[in-house]
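Read the figures in this text as sums done on the coordinates, not as results from a lab. The structure presented is a predicted model; accordingly, all values stated were derived computationally and were not measured. As a convention, Cβ positions derive from the backbone with ideal geometry for all residues, glycine included, and neighbour counts pool all protein chains shown.
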Amino acid sequence: MENEELLESNEQSDSLQYDLNKVYLYTELPDKSSGRCDNCDKAHFENSVKKGVFLRQCRNCGMKKII
């Protein structure tokens, strides 16, 4: 019984998918690992600042987050 519960919890945590078309706010979704993409865990970003808003986009998967 315990093994089944562990498998279900692992499947749920692995199935967390991010919508790459959406721009996330850092205040609502902080980094799991500081300075790394939550989706692919890479640390290579493309940054831009427009109208005082700092946008960080992962170069690997394209996930966007306003810092």
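Using 7 Å Cα-to-Cβ label points, what is the residue 55/residue 24 separation (nm, one decimal)?
1.7 nm
Simple spin-label model, 7 Å along Cα-to-Cβ: residue 34 to residue 17 in nm?
About 3.2 nm, to one decimal.
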